[in-house]
Amino acid sequence: MKVVVFGLGYVGTVTAAGLAREGHQVVGVDVDDMKVETIRSGCSPVVEPEIEDLVRAGVAAGALTATTDPVAALDGSEVSLICVGTPSGSHGESDLSFVRSCVRDVYDAMALTSPSESGHHAVVVRSTVPPGTVSSVVAPVFADGAPGDWDVGLAMCPEFLREGTSVADFYAPPFVVVGTGDPATAATLDRLFDFLPMPVHQVGVETAESLKYACNAFHAVKISFANEVSRVFKPFGVDAREVMEIFCQDTKLNIAPTYLRPAFAYGGSCLPKDLRALQHLARMHDVDAPLLAGTALSNELVVRQVTERVIALDERKVALLGLSFKTDTDDLRESPNVEFAERLIGKGFEVSIFDPIVNPHRLVGANRRYVEARLPHLNRLLARSPGEALDGAGVAVVSSGDHHVHEALMDGAPRHVIDLHGHLGDDIEHLVGYEGVGW
Ligand SMILES: NC(=O)c1ccc[n+]([C@@H]2O[C@H](COP(=O)([O-])OP(=O)(O)OC[C@H]3O[C@@H](n4cnc5c(N)ncnc54)[C@H](O)[C@@H]3O)[C@@H](O)[C@H]2O)c1
């Protein structure tokens, strides 16, 4: 394929040289003469392990060229990969001005050039851009179609390489993600990445745009978490390197998909209590632990958000399907559902609760004391079946994946169904009035 790579920084140079090695005819475009000249002379404008050899080989084989002129680059090409910078603006926003002018360059160049034989050209954003960028920044440029005989498809294809290991990462990315609504563009990108030994994830454009932010935010949170817990433990003479070394060996809960599925707030007898204790340990030694404090606050915001949502629906009766903090336990201590029920009752809602496991007559010890303090009339609130709870309710707030709950909702859902579970099934998600807590 003839591929045009816009932006010859870290991402663009590695992408251009890597694709040239895979047999594509690659033209790199940059507004910076120096970078273009550097590539032309067979050298890399960025310093990274292996990149110098890759660029030299590409240029020597005639597979990699560079220019400042988009018109010279675009003629007969099948793909434009936009790898220009998206730096922070003064308010933290992604500055999309380079993306904007680059897409304009592509459009203008099309007016002066001819497409490839197929006529189709994929304009693919590889820069990290906020959700909605392809539809609000790229698509409007082609709103009246592409110039001349060009036929354009748009996509977002985030890049996951890391500086310092960029060439190695280019050949072994964690995943290949293509967000497009255009089958021809999807097919082009399938061909472009067919040297990678992994399937391409075809997703919606906004999902592809969001993913890179989620990844980078998570990486930053991981680093800060490790650093924050070491700050807290240090005054106790604990070497957090040893703690984290063993921590990382838990691939069941710690380094695992567990707890990384959006749903309702955390709760139960351990997480809130131990997080509070850790914050107390930090305070004992005047150690700031904003990530731990922020975590508790973030959790509280989930409960608040659902409460506000239910209030806004203006329904009198609410069915709460699921009460314990997770499936298959009757432990109600610090269950966010109990907290949620309390808030609704306090605001005058009629609340009816069904939980497949919780039986107030069998609650004992601290669990019983907790419920008696928070929901003293639990007996009166509890329904014997999900159908009974739903009777007359205008809203169902569902955190239980129990099949009786599922059946009752399919038999007769109220006007609104708020999903706190996250995996209730497609049929429930297609109900009129369905909405997820954070999706
Ligand atoms: N650096 C990384 O490790 C990394 C990894 C993944 C994704 N990203 C993302 O990829 C994008 C590029 O990152 P980078 O580090 O390679 O940036 P960079 O600043 O190193 O390079 C960007 C290049 O784009 C050029 N440019 C600007 N406007 C142009 C135009 N209209 N036409 C052609 N070239 C133009 C600039 O001159 C510059 O050489 C950013 O959105 C970044 O967030 C970066």
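Can you compute the helix-only [θ] at 222 nm over the chain? Use -39500 (n - 2.57) per DSSP H run of at least 4 residues, normalise by all residues, nearest 500 deg cm²/dmol.
The per-residue figure over the chain is -12500 deg cm²/dmol.
Would you kindly find the accessible area of residue 242, with a 1.4 Å probe and non-protein molecules such as ligands, DNA and RNA excluded, rounding to the nearest 10 Å²?
Spelled out: residue 242, probe radius 1.4 Å, area about 120 Å².
With the calculation restricted to Cα positions, what are the radius of gyration and Dmax of the chain in angstrom?
According to the Cα coordinates of the chain, Rg and Dmax are 27.5, 81 Å.
Rounded to the nearest 0.05, what FRET efficiency do residue 250 and residue 201 have when you use their Cβ-Cβ distance and R0 = 41 Å?
Working from the Cβ atoms, E equals 0.95.
If I take every Cα pair under 8 Å that is 6 or more residues apart in the chain, average their sequence separation and divide by the length, what percent do I get for the relative contact order? All intermediate terms of the calculation are to be shown ahead of the outcome.
Values: 749 pairs, mean separation 40.9, N = 439.
Once normalised by length, the contact order is 9 percent.
For the stretch 2-206, build the convex hull from the C-alpha positions and give me its volume per residue in Å³.
Details: hull volume 23.2 nm³, N = 205.
Dividing the Cα hull volume of the stretch 2-206 by its residue count gives 113 Å³.
Rounded to the nearest 0.05, what FRET efficiency is calculated for residue 151 and residue 72 with R0 set to 22 Å and r the Cβ-Cβ distance? It would help to have the intermediate numbers written out before the result.
Values: r = 21 Å, r/R0 = 0.96.
The formula returns an efficiency of 0.55 here.
Considering the chain as a Gaussian network with a 10 Å cut-off on Cα pairs, which listed residue, 143, 396, 111, attains the greatest mean-square fluctuation?
143
Find how much the distance from residue 37 to residue 172 grows on full extension, using 0.36 nm per residue of separation minus their present alpha carbon separation; answer in nm with one decimal.
Values: separation 135, 0.36 × 135 = 48.60 nm, distance 2.89 nm.
Here the answer is 45.7 nm.
Which shape class applies to the stretch 217-272: rounded if a/c is under 1.5, otherwise prolate when a/b exceeds b/c and oblate if not, where a ≥ b ≥ c are the square roots of the Cα gyration tensor eigenvalues? Display every interim value, and only then the final one.
Numbers: a/c = 1.78, a/b = 1.58, b/c = 1.13.
Cα axes put the stretch 217-272 in the prolate bin.
Of 188, 337, 6, which is farthest towards the positive pole of the chain's charge dipole, taken about the Cα centre with +1 and -1 on the beta-carbons of Lys, Arg and Asp, Glu respectively?
Of the listed residues, the answer is 337.
For the pair residue 214 and residue 243, what calculated FRET efficiency results from E = 1/(1 + (r/R0)^6), where r is the Cβ-Cβ distance and R0 = 30 Å, to the nearest 0.05?
E(calc), rounded to 0.05, equals 0.70.
Counting only protein heavy atoms, what percent of the accessible surface of the stretch 2-206 is carbon or sulfur at a 1.4 Å probe?
Ligands and nucleic acids excluded, carbon and sulfur reach 53 percent.
Throw me the Rg/Rh for the stretch 297-436, computed over C-alpha atoms with Kirkwood Rh, two decimals.
0.93
Choose one of 210, 66, 349: the residue whose Cα lies farthest towards the positive end of the charge dipole of the chain (beta-carbon charges +1 Lys, Arg; -1 Asp, Glu; about the Cα centre).
Of 210, 66, 349, it is 349.
Accessible area per residue, 1.4 Å probe, Å², for the stretch 260-365: what's the number? Mind showing how you got there, number by number?
On the way: 5520 Å² over 106 residues.
Value returned for the stretch 260-365: 52 Å² of accessible area per residue.
Roughly how many nanometres apart are two label points built 7 Å out from the Cα toward the Cβ at residue 108 and residue 426?
4.7 nm
Where only protein heavy atoms count, and the probe is 1.4 Å, what is the accessible area per residue for the stretch 98-240 in Å²? Mind showing how you got there, number by number?
Numbers: 6660 Å² over 143 residues.
Value returned for the stretch 98-240: 47 Å² of accessible area per residue.
About the Cα centre of the stretch 211-315, what is the dipole size in debye to 20, counting +1 per Lys and Arg Cβ and -1 per Asp and Glu Cβ, all else neutral?
Numbers: 12 positive and 12 negative charges, 36 e Å.
Dipole of the stretch 211-315, to the nearest 20 debye: 180 debye.
Take peptides 112-122, 274-284, 177-187 and line them up by average Cβ neighbours within 10 Å, highest first, as a rough protection proxy.
Values: 112-122: 16.8, 274-284: 14.0, 177-187: 18.8.
Peptide ranking by packing, descending: 177-187, 112-122, 274-284.
Using only the alpha-carbon atoms of the stretch 331-405, report the extent along each of the three principal axes, biggest first, to the nearest angstrom.
33, 29, 19
Taking 25 °C and 0.890 mPa s as the conditions, I'd like the Stokes-Einstein D for the stretch 272-320 in µm²/s, using the Kirkwood hydrodynamic radius from alpha carbon pairs.
Estimated via Stokes-Einstein, D reaches 190 µm²/s.
The values are calculated or read from the model by the stated rules, or taken from the named source; none is laboratory data. Please read these numbers as outputs of a predicted model, since none were measured by experiment. Here the Cβ is made from the backbone with ideal geometry for all residues, glycine too, and neighbour counts use every protein chain on show. In case anyone asks, the SASA skips ligands and DNA or RNA and just uses the protein heavy atoms, side chains included. Shrake-Rupley method; radii C 1.70, N 1.55, O 1.52, S 1.80 Å.
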